[in-house]
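The values are calculated or read from the model by the stated rules, or taken from the named source; none is laboratory data. None of the values given here were measured: they were computed from a predicted structure. Please note: Cβ atoms are built from the backbone with ideal geometry, for glycine as well, and neighbour counts cover all protein chains shown.
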Amino acid sequence: MNLHFLIIDPQNDFAHPQGNLFVPNADKDAERLSAMLKRHESKIEDVHITLDTHHFVDIAHPIFWVDTQGKHPAPFTSITETEVLEGKWRATHAGCQERALAYVKALESSGRYALTIWPPHCLIGQHGHNIVQPLVDVLTSWENQFAMVDYVTKGSNMWTEHYSAVQADVPDPEDPSTQLNTSLIDTLQQADLIALSGQALSHCVANTIRDIANNFGDENIQKMVLIEDTSSSVAGFEELGEQFVAEMTARGMRTAKSHEFLV
């Protein structure tokens, strides 16, 4: 059996209790995931790990925006096209205003989330970007079989959010890294079984899996198994995670607990 694992953003800022955007229970998720990977180490053909990868200056970070008093928005603030048009929020740097307005307009037109301001997280070169322990040790052990983890970075374009590892919310036509990642999709199609895990269920996991499914063919969705006790939602967004699971199981995705998978 050609068994692949797709692990979404298992990074310190999400999965360590001191992370800048800690997802409740993500530390325990990582422990359960690590134990499961260790049990199935010899069976795994491929491991794909996505990495949220941001600059400090980012359209979804507080520094990018100011209000009428010149104050940056607090984390978890939503910014709408109407609010930008009315002047409630404007780009901190005047030269960014036109493109920022075009972005929030395109984002709302696409039917994705409204622009959400997040605490700066998974910053390039900083501790929060690194993979959380004990997962690091398990991956190193697996690579000692002369294997290689497939790392997929996302989010380094400051002009667009990149929840999904497959494509940005609003792809930048001048940046191939924001376009549809057909290479990852094609590789996953070759698998017989794809175990899905990572953070956060409500956002990056949900959008990555949706985008893969939308480009996968219905027959391939049945290969996908969400390991449900190794993925949690951002606090306050639990309903989004529940909606995602209901939607995808209706399309053929399966679910399993980590201790039950392949037992």
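Here is a check on your reading of the model: is R112 among the basic types (K, R) and at pLDDT 95 or above? The answer is no for R112. Residues in region 159-169 that are at pLDDT 95 or above and surrounded by fewer than 20 Cβ atoms within 10 Å (Cβ to Cβ): W159 only. Applying a threshold of 8 Å to beta carbon distances and a minimum spacing of six or more residues, or different chains, the list of pairs starting in region 52-63 at a residue that is at negative phi and ending at one that is assigned to a strand (DSSP E or B) and surrounded by 19 or more Cβ atoms within 10 Å (Cβ to Cβ) reads D52/Q11; D52/K154; T53/K154; I59/L115; A60/L115; H61/H54. Does region 204-219 contain at least one residue that is of a type in the set (D, E, K, R), out of contact with any Gly (no Cβ under 9 Å at 6 or more places or on another chain) and more than 27 Å from H40 (Cβ to Cβ)? Within region 204-219 (the criterion being of a type in the set (D, E, K, R), out of contact with any Gly (no Cβ under 9 Å at 6 or more places or on another chain) and more than 27 Å from H40 (Cβ to Cβ)), the answer is no, since none of the residues qualifies. Considering only residues in region 130-184 that are under 23 Å from P17 (Cα atoms) and of a type in the set (A, V, I, L, M), the one that is nearest to the chain's Cα centre (by Cα) turns out to be I131. Suppose we keep only residues that are polar (S, T, N, Q) and farther than 20 Å from L188 by Cα within region 16-49. Which one would you say is surrounded by the fewest Cβ atoms within 10 Å (Cβ to Cβ)? My answer is Q18. Looking at this structure, is S231 within 21 Å of R32 (Cα to Cα), of a type in the set (S, T, Y) and in contact with a strand residue (DSSP E or B) (Cβ under 8 Å, 6 or more places away or on another chain)? Yes: the conditions hold for S231. Across region 2-15, a minimum of one residue is classified as farther than 25 Å from P171 by Cβ and surrounded by fewer than 16 Cβ atoms within 10 Å (Cβ to Cβ). Taking region 170-237 as the region of interest, the helices (runs of 4 or more DSSP H) fully inside it that hold 1 or more residues being small (G, A, S) and surrounded by fewer than 17 Cβ atoms within 10 Å (Cβ to Cβ) are 182-189.
Within region 121-165, the set of residues being among the hydroxyl-bearing types (S, T, Y) and either free of Cβ contacts under 8 Å to residues at least 24 places away in the same chain or assigned to a helix (DSSP H, G or I) (or both) comprises T140, S141.
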